[in-house]
1. Take the residues in the range 29-39 that are in a helix (DSSP H, G or I) and over 22 Å from the mean Cα position of the chain (by Cα); name whichever of them is modelled with the highest pLDDT.
2. Being buried (at least 17 other Cβ atoms within 10 Å of the Cβ) and either farther than 17 Å from L163 by Cα or under 24 Å from the mean Cα position of the chain (by Cα) (or both), is that true of even one residue in the range 190-202?
3. In the list S172, S183, S179, which residue meets the criterion of being touching a residue at least 12 places away in the same chain (Cβ under 8 Å) and assigned to a helix (DSSP H, G or I)?
4. Those residues that are aromatic (F, W, Y) and surrounded by fewer than 20 Cβ atoms within 10 Å (Cβ to Cβ), I need them from the range 138-186; list them, please.
5. Taking only pairs six or more apart or across chains, which ones have beta-carbon atoms under 8 Å, a first residue in the range 75-86 that is assigned by TED's automatic domain parsing to the domain that holds T22, and a second residue that is assigned to a loop (DSSP other than H, G, I, E, B) and surrounded by fewer than 18 Cβ atoms within 10 Å (Cβ to Cβ)?
6. Hey, among the residues in the range 232-277 that are of a type in the set (G, A, S), surrounded by fewer than 20 Cβ atoms within 10 Å (Cβ to Cβ) and touching a residue at least 60 places away in the same chain (Cβ under 8 Å), which one's farthest from I141 (Cα to Cα)?
Amino acid sequence: MEYELNPAVRRRILKFQQDEITGHVLYRAIAERQKDEKNKAALLEISDAEHDHYEIWRGYTGQEVKPNRWRVWCGKACGRLLGDTFTIKFMESGEEFGIRELEGIEKEIPEARHIIDQEEDHESSLMEMVDEERLHYVGAIVLGLNDALVELTGTIAGLTFALANTRLVALSAIVTGASATLSMAASNYLAERAEGNEHALKSSLYTGMAYLITVALMVLPYLLVPNELYVAAFGIMLAVVVLVIFLFNFYVSVAQGKPLMSRFLQMAAISLGVAGISYVIGILAKALLGIDV
């Protein structure tokens with residue numbers, strides 16, 4: 001049965017219908033690759049709820065709608081790269097805008113309230129059931145990321161204006177970063193073992209990888225920019241630091257529901273503050289020691 005709907009409402013419902021069937025397909029695809037049975041069951045239940053909503057909308061439009069294949073592909077890729085918990089919560093955060101639109105058609109479509117209630121309560125509680133291993137090690141990742149950003153930002157800033165040569169700065173930063181990565185991973189392993197953590201090795205690997213990747217991103221501008229443009233390389237490096245801080249805090253804010261801006265501003269202020277102090281130290285050391293590289 002197809003209801004008599006004005007064209008504007010019908011277009012909105014068709015959009016909701018496609019969103020629901022797209023979510024149904026994506027959640028089921030994510031569920032199929034889960035090894036944890038609890039995660040799989042939670043995701044399948046979300047998928048079924050999305051399909052139920054699709055059927056409700058189909059009852060109003062009388063029309064079949066295909067899922068958005070591009071969004072499904074992007075969702076699958078995002079899940080593999082950034083984790084399924086992040087992908088699911090990011091999708092659901094986008095549905096908050098859909099809920100506002102649903103509230104606008106409650107008078108025409110009484111069942112919209114039922115869907116809103118399910119979106120706000122049922123699915124959000126199910127998502128809390130999804131348990132992903134990598135989120136257990138956010139603390140270890142933060143440790144590696146923070147230490148690399150603060151320590152290497154300061155080191156590279158000082159070296160940039162002391163050596164005034166991008167290749168020499170890159171060489172020094174690579175050696176320092178590699179040594180610091182091993183030191184940080186080993187220290188984290190010993191600390192976790194001392195606290196009786198059975199997964200101390202895995203925690204230390206997350207810390208070491210976070211440190212190493214951050215170092216690589218910070219050194220990259222110095223490998224790509226000509227020697228005489230060391231100031232430009234330094235500026236690009238600072239931009240990379242801010243971008244890394246923002247992306248990581250965005251990930252954590254979505255995956256764990258934590259505030260974004262306060263954490264981002266705090267980390268950025270510390271890293272850039274250390275860089276500024278080290279910049280001054282580098283210039284003073286070069287002048288006082290009379291070194292001209």
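The values are calculated or read from the model by the stated rules, or taken from the named source; none is laboratory data. Note that the structure is predicted; figures quoted are calculated from it, not measured. Cβ sites come from the backbone with ideal geometry, for glycine too, and all protein chains shown count toward neighbours.
1. Just the residues of the range 29-39 that are in a helix (DSSP H, G or I), to begin with: 29-32, 37-39.
If we keep only those that are over 22 Å from the mean Cα position of the chain (by Cα) too, we end up with 32, 37-38.
Values: E32: 86, E37: 82, K38: 79.
Looking at residues that are in a helix (DSSP H, G or I) and over 22 Å from the mean Cα position of the chain (by Cα), I get E32.
2. Taking the range 190-202 as the starting set, the residues that turn out to be buried (at least 17 other Cβ atoms within 10 Å of the Cβ) are 192, 200.
Restricting the remaining residues to those that are either farther than 17 Å from L163 by Cα or under 24 Å from the mean Cα position of the chain (by Cα) (or both) gives 192, 200.
Taking every residue of the range 190-202 in turn, at least one turns out to be buried (at least 17 other Cβ atoms within 10 Å of the Cβ) and either farther than 17 Å from L163 by Cα or under 24 Å from the mean Cα position of the chain (by Cα) (or both).
3. Numbers: S183 fails: touching a residue at least 12 places away in the same chain (Cβ under 8 Å); S179 fails: touching a residue at least 12 places away in the same chain (Cβ under 8 Å).
Matching residue, one of S172, S183, S179: S172.
4. If we filter the range 138-186 for residues that are aromatic (F, W, Y), which is where we start, we get 161.
The answer is none; no residue qualifies.
5. G83/E132; D84/Q34; D84/E132; T85/E132
6. Just the residues of the range 232-277 that are of a type in the set (G, A, S), to begin with: 232-233, 235, 239, 253, 255, 257, 262, 268-269, 271, 273, 275-276.
The next check asks that each one be surrounded by fewer than 20 Cβ atoms within 10 Å (Cβ to Cβ); those that pass are 232, 235, 239, 253, 257, 262, 268-269, 273, 276.
Now drop any that are not touching a residue at least 60 places away in the same chain (Cβ under 8 Å), which leaves 257, 276.
Values: G257: 17, G276: 25 Å.
Looking at the filtered set, the residue picked out is G276.
Yes/no per residue for (1) under 16 Å from T153 (Cβ atoms); (2) of a type in the set (F, W, Y):
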residue: V241; (1), (2): yes, no
residue: Y251; (1), (2): no, yes
residue: Q256; (1), (2): no, no
residue: P259; (1), (2): no, no
residue: S262; (1), (2): no, no
residue: A268; (1), (2): yes, no
residue: I277; (1), (2): yes, no
residue: V280; (1), (2): yes, no
residue: L288; (1), (2): no, no
